1. Mind listing just one residue for me: the one in region 1-44 that is hydroxyl-bearing (S, T, Y) and under 30 Å from L114 (Cα atoms) and, of those, surrounded by the fewest Cβ atoms within 10 Å (Cβ to Cβ)?
2. Could you check region 159-177 and list, in sequence order, the residues that are outside any strand (DSSP E or B) and either within 12 Å of ligand 3 (Cβ to nearest atom) or in contact with a Cys (Cβ under 8 Å, 6 or more places away or on another chain) (or both)?
3. Filter region 127-158 down to residues that are within 11 Å of ligand 2 (Cβ to nearest atom) and either assigned to a loop (DSSP other than H, G, I, E, B) or more than 16 Å from A44 (Cα to Cα) (or both), then give me how many there are.
4. Hey, could you check region 124-157 for residues that are among the charged types (D, E, K, R) and either buried (at least 19 other Cβ atoms within 10 Å of the Cβ) or within 30 Å of Y30 (Cα to Cα) (or both) and say which is farthest from ligand 1 (Cβ to nearest atom)?
5. Among the residues of region 49-63, which ones are touching a Gly at 6+ places or on another chain (Cβ under 6 Å) and either within 13 Å of ligand 1 (Cβ to nearest atom) or more than 16 Å from V124 (Cα to Cα) (or both)?
6. Report yes if some residue within region 29-41 is assigned to a helix (DSSP H, G or I) and more than 23 Å from M85 (Cα to Cα); otherwise report no.
7. Provide a single number: the residues in region 15-37 that are over 15 Å from P58 (Cβ atoms) and in contact (Cβ under 8 Å) with a residue 24 or more places away in the chain.
Amino acid sequence: MHQDIEEILISEDQLQAKIKHLGEQITQDYDGKNLLLLGTLKGAVPFIADLARAIHLPLELDYMAVASYGNSTQSSGIVRIVKDMEGPIEQKHVLIIEDIIDSGRTLHYLTDLLRRRNPLSLKVCSLLNKEHTRVQNVPVDYYGFTIPDKFVVGYGLDYAQLYRNLPYIGILKPSVYADDSKPQNQHQSMAENQ
Ligand code: 5GP
Ligand code: MG
Ligand code: MG
């Protein structure tokens, strides 16, 4: 286990078993439909890569990067598009693939924006769901795991851009980010979450 990790919350095996199950569900639900998986950069990359291979249907992949200002462990709700998706979605059933929903602010912004582009349907699949921290109510149609209100990293999720390559979801030792709120670390509190 990595030295900065306090505890492994979800193991590699647990992740892969859940993704296989989600893939089966999505395969059933979208049979015969024009499916577009829309991944959010950068956190959802490992998840969308594994999930797409667990869905046994023709599908398209696209990506959007939205950043929300905040400190490195919390989003503010002030969201901006860093990279938009490529084409129109009027003829498509769009399934947003997210890494984690915390306050719900980022996803609320994104679903609002995409709904105005008139997809045939718009649903959300998030690997992780912190349900007691929600500020904006956003319906999540598929999710992998509900987790406690702890800052987690791994399997796409970062702290200061690190730890995304861990194959499991772990709780970061608070000592690693304890300095984040100190005034001398203001540059970090202006960081963007992606
Ligand atoms: P929300 O807008 O729902 O509060 O936050 C969503 C974004 O905040 C996620 O896509 C992710 O970038 C970041 N985030 C929220 N909780 C965590 C967490 O526990 N760990 C990490 N690494 N990022 C998180
Ligand atoms: Mg995300
Ligand atoms: Mg991040």
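1. Among them, the one singled out is T27.
2. Residues of region 159-177 that are outside any strand (DSSP E or B), as a first pass: 160-161, 163-168, 173-177.
Those that are outside any strand (DSSP E or B) and either within 12 Å of ligand 3 (Cβ to nearest atom) or in contact with a Cys (Cβ under 8 Å, 6 or more places away or on another chain) (or both): A160, Q161, Y163, R164, Y177.
3. At the first step, the residues of region 127-158 found to be within 11 Å of ligand 2 (Cβ to nearest atom) are 127-128, 156-158.
Checking which are either assigned to a loop (DSSP other than H, G, I, E, B) or more than 16 Å from A44 (Cα to Cα) (or both) leaves us with 156, 158.
Adding up the residues that qualify gives 2.
4. To start, the set of residues in region 124-157 that are among the charged types (D, E, K, R) comprises 130-131, 134, 141, 149-150.
In the following step, the residues that additionally are either buried (at least 19 other Cβ atoms within 10 Å of the Cβ) or within 30 Å of Y30 (Cα to Cα) (or both) were identified as 130-131, 134, 141.
Working: K130: 6, E131: 11, R134: 8, D141: 16 Å.
Within region 124-157, the match that is farthest from ligand 1 (Cβ to nearest atom) is D141.
5. Passing the criteria: only A54.
6. The initial filter retains those residues of region 29-41 that are assigned to a helix (DSSP H, G or I), namely 29.
Remaining after also requiring more than 23 Å from M85 (Cα to Cα): 29.
Yes, some residue in region 29-41 is assigned to a helix (DSSP H, G or I) and more than 23 Å from M85 (Cα to Cα).
7. Final tally of qualifying residues: 8.
Matching residues to (1) of a type in the set (G, A, S); (2) on the phi > 0 side of the Ramachandran plot; (3) surrounded by 13 or more Cβ atoms within 10 Å (Cβ to Cβ):
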position: P46; (1), (2), (3): no, no, yes
position: I55; (1), (2), (3): no, no, yes
position: L59; (1), (2), (3): no, no, yes
position: D62; (1), (2), (3): no, no, yes
position: G77; (1), (2), (3): yes, yes, yes
position: R80; (1), (2), (3): no, no, no
position: I89; (1), (2), (3): no, no, yes
position: K92; (1), (2), (3): no, no, yes
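The values are calculated or read from the model by the stated rules, or taken from the named source; none is laboratory data. Note that this is a predicted model, so its numbers are computed, not measured. Here Cβ is always computed from backbone atoms with ideal geometry, including for glycine, and neighbour counts include all displayed protein chains.
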